[in-house]
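Taking it in order: structure first as structure tokens, then the write-up.
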Amino acid sequence: QKEVEQNSGPLSVPEGAIASLNCTYSDRGSQSFFWYRQYSGKSPELIMFIYSNGDKEDGRFTAQLNKASQYVSLLIRDSQPSDSATYLCAVRSYNQGGKLIFGQGTELSVKP
Amino acid sequence: DGGITQSPKYLFRKEGQNVTLSCEQNLNHDAMYWYRQDPGQGLRLIYYSQIVNDFQKGDIAEGYSVSREKKESFPLTVTSAQKNPTAFYLCASSVNGLAGSYNEQFFGPGTRLTVL
């Protein structure tokens, strides 16, 4: 089992819809969770982070964390074609010296 | 203008050559990291440094070397011992790299290395 798992996609949604990106992790010692957006050929850009169970909202983005289920998700409301990118989930665990462990990313395509 | 810079943007290496990738940050961050990304894959940690003059191996350190002589700089050398070095190399930094911290990592623009 991979430490951080994401569906590779591509996930295709129509413009204006809600895009839901999911990530599961195996280490119960994980303490902080990050979502990065990566456009093709570019470096990752941090868009959200979450530490506590529940939801965290920032504009059109909502991160959801459920530590009991070892599950973190990113919702993008009113999806735009400019949201088309690969979204990387990253998890930091105290058990691994604070390193970030990345999933392989989910490719999102928003169709006009 | 604070940030992380990496150079060069593109690098071509012949078989048997060592090459050095530059990473500089002016964010006053203590911790710096090097990752490798292969097509369709996530990031894999090569080396990281939590403080000047100290660094630790990541998950795929074989064939790579680093130094951290200054807080702002963390160069990565890809040696001839690295058998498959063609990849996208990303440098990142964070306020600190402590295990109990929550601070996020920020990335430079990356260097794309191709072996000819």
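The values are calculated or read from the model by the stated rules, or taken from the named source; none is laboratory data. A quick note: this is a predicted structure, and the numbers were derived from the prediction, not measured. With ideal geometry, Cβ positions are generated from the backbone for all residues, glycine too; neighbour counts draw on all protein chains shown. Accessible surface areas use protein heavy atoms only, side chains included; no ligands, DNA or RNA. Shrake-Rupley method; radii C 1.70, N 1.55, O 1.52, S 1.80 Å.
The figures follow:
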read-out: Taking N as its residue count, the alpha carbon Rg of region A:1-103 over 2.2 N^0.38 Å; value: 1.04
read-out: Protein-protein interface of region B:76-116, residues with accessible area decrease of at least 40 Å², isolated chain reference, 1.4 Å probe; value: B:99, B:102, B:104, B:105, B:107
read-out: Rounded percent of accessible protein surface that carbon and sulfur make up, the protein assembly as shown, 1.4 Å probe; value: 48 percent
read-out: Surface per residue (accessible, 1.4 Å probe) for the protein assembly as shown, Å²; value: 47 Å²
read-out: Computed FRET value (nearest 0.05) for residue A:52 with residue B:83, which takes r as the C-beta separation and R₀ as 45 Å; value: 0.55
read-out: For region B:64-116, fraction of C-alpha pairs farther apart than 19 Å, in %; value: 42 percent
read-out: Longest site-free stretch - chain B; sites: GluC sites (Glu not before Pro), DSSP loop, at most 13 other Cβ within 10 Å; value: B:70-116
read-out: Kirkwood Rh in Å, taken over all unlike Cα pairs in region B:13-104; value: 13.5 Å
read-out: Net charge, residue A:98 excluded, C-beta distance under 13 Å - Lys, Arg +1, Asp, Glu -1; value: -1
read-out: Summed residue charge, Cβ within 11 Å of residue B:110's Cβ, Lys/Arg positive, Asp/Glu negative; value: +4
read-out: Mean projection area, nm², convex hull over Cα of the protein assembly as shown; value: 12.6 nm²
read-out: For residue A:38, net neighbour charge (Lys/Arg +1, Asp/Glu -1) across residues whose Cβ lies under 11 Å away; value: 0
read-out: Most mobile listed residue (A:25, A:39, A:87) in chain A, GNM with C-alpha springs under 10 Å; value: A:39
read-out: Accessible surface buried upon A-B contact (total; probe 1.4 Å; Å², nearest 100); value: 1800 Å²
read-out: Backbone N within region B:56-94 under 17 Å of label point (7 Å from residue B:17 Cα along the Cβ vector); value: B:76-89
